[in-house]
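*Asks:* This is the structure I want to talk about, given as C-alpha cells.
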Amino acid sequence: MAGGHYRSIKTDPAIEKWQNMHNTMYQRFRWTPKNTPSLIIFGLVVPGAAMYYFSQTTNKWDWTGKTKEETLAKQIPEAKAEQ
C-alpha cells in the first residue's frame, strides 16, 4: 500500500548537472577580465556609496516622540540674516 515508491519522480540529467555546477561555483571561480569589473563595482563601489550615504544621514533625523507640528530634523537650520 504505502511505500515502495523509491525513485517515483524522474530526474532530469540537465537539471542535476546545472545544480551540481551551481553548488560548486565558488570552487571553480577565477579572476578574469570579464568578471573583474562587476566584482569591483558590486563588491566595493556600491557598498562604499551606501556607507557614505548612511554616514551622511545618520544623525540628521530624530523620529522619537514628535508631534505633527514639530520638525524631524535634529538640528534646526538657522535663518540667514538679511542684509
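The numbers here are math on the coordinates, done by the rules we state, and not lab data. Keep in mind that this is a model prediction, so the values were computed, not measured. Backbone-built Cβ (ideal geometry, glycine too); neighbour counts: all protein chains shown.
*Asks:* Run through region 6-83 and list the GluC sites (Glu not before Pro) located in a DSSP loop whose Cβ has at most 13 other Cβ atoms within 10 Å.
*Replies:* Details: sites: Glu16, Glu69, Glu70, Glu78, Glu82; in loops: Glu69, Glu70, Glu78, Glu82.
Passing both the DSSP loop test and the Cβ count: Glu69, Glu70, Glu78, Glu82.
*Asks:* While we're on this one: Given 10 °C and 1.306 mPa s, compute D for the chain with the Stokes-Einstein relation, Rh being the Kirkwood radius over Cα pairs; round to the nearest whole µm²/s. Don't skip to the answer; put the middle values down first.
*Replies:* Working: Rh = 20.0 Å.
Translational diffusion coefficient: 79 µm²/s.
*Asks:* Still on this structure, I have one more. In region 14-76, what trypsin sites (Lys or Arg not before Pro) fall in a loop by DSSP, with at most 11 other Cβ atoms inside 10 Å?
*Replies:* Working: sites: Lys17, Arg28, Arg30, Lys34, Lys60, Lys66, Lys68, Lys74; in loops: Arg28, Arg30, Lys34, Lys60, Lys66, Lys68, Lys74.
Answer by residue number: Arg28, Arg30, Lys34, Lys60, Lys66, Lys68, Lys74.
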